Amino acid sequence: MVSSFAPWFGKTVILRLVNGELRVPLRGIIVAESGGAVRFRIGGSWDINVYKSEILTVEQDKGPAT
């Protein structure tokens, strides 16, 4: 199976998530992937599982606007 998230592994990204009417951006690093979720590292040490069905987009984190 080809992973659509593999190109993002180890890179700082912004996940745009949706759950019902709630939409949130999360900044972090995609560290792994399973059949229904991605493992996402927030703040350098806190890993969470994010369901793929909740991910709207993955964007490259360009850092703070200057």
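Values quoted throughout were computed directly from the atomic coordinates according to the rules given, and no laboratory measurement underlies them. This is a predicted model, so every value here is computed, not measured. Neighbour counts run over all protein chains shown; Cβ positions are idealised from the backbone, glycine included.
Values as computed for the structure displayed
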read-out	value
Protection proxy ranking, peptides 20-26, 31-37, 7-13, average beta carbon neighbours within 10 Å, highest first	7-13, 31-37, 20-26
Fraction of alpha-carbon pairs over 17 Å apart in the chain - percent	37 percent
Nonlocal amide H pairs with residue 47, under 5 Å, H built at 1.01 Å	42
Using θ = phi - 60° and Karplus 6.51 cos²θ - 1.76 cosθ + 1.60, couplings along segment 45-52 (whole Hz; Gly, Pro as x)	8, 9, 9, 10, 9, 10, 5, 4
Relative contact order of the chain, defined on C-alpha pairs under 8 angstrom at six or more residues apart (%)	31 percent
Residue 12 paired with residue 32, simple spin-label distance in nm, labels 7 Å along Cα-to-beta-carbon	2.4 nm
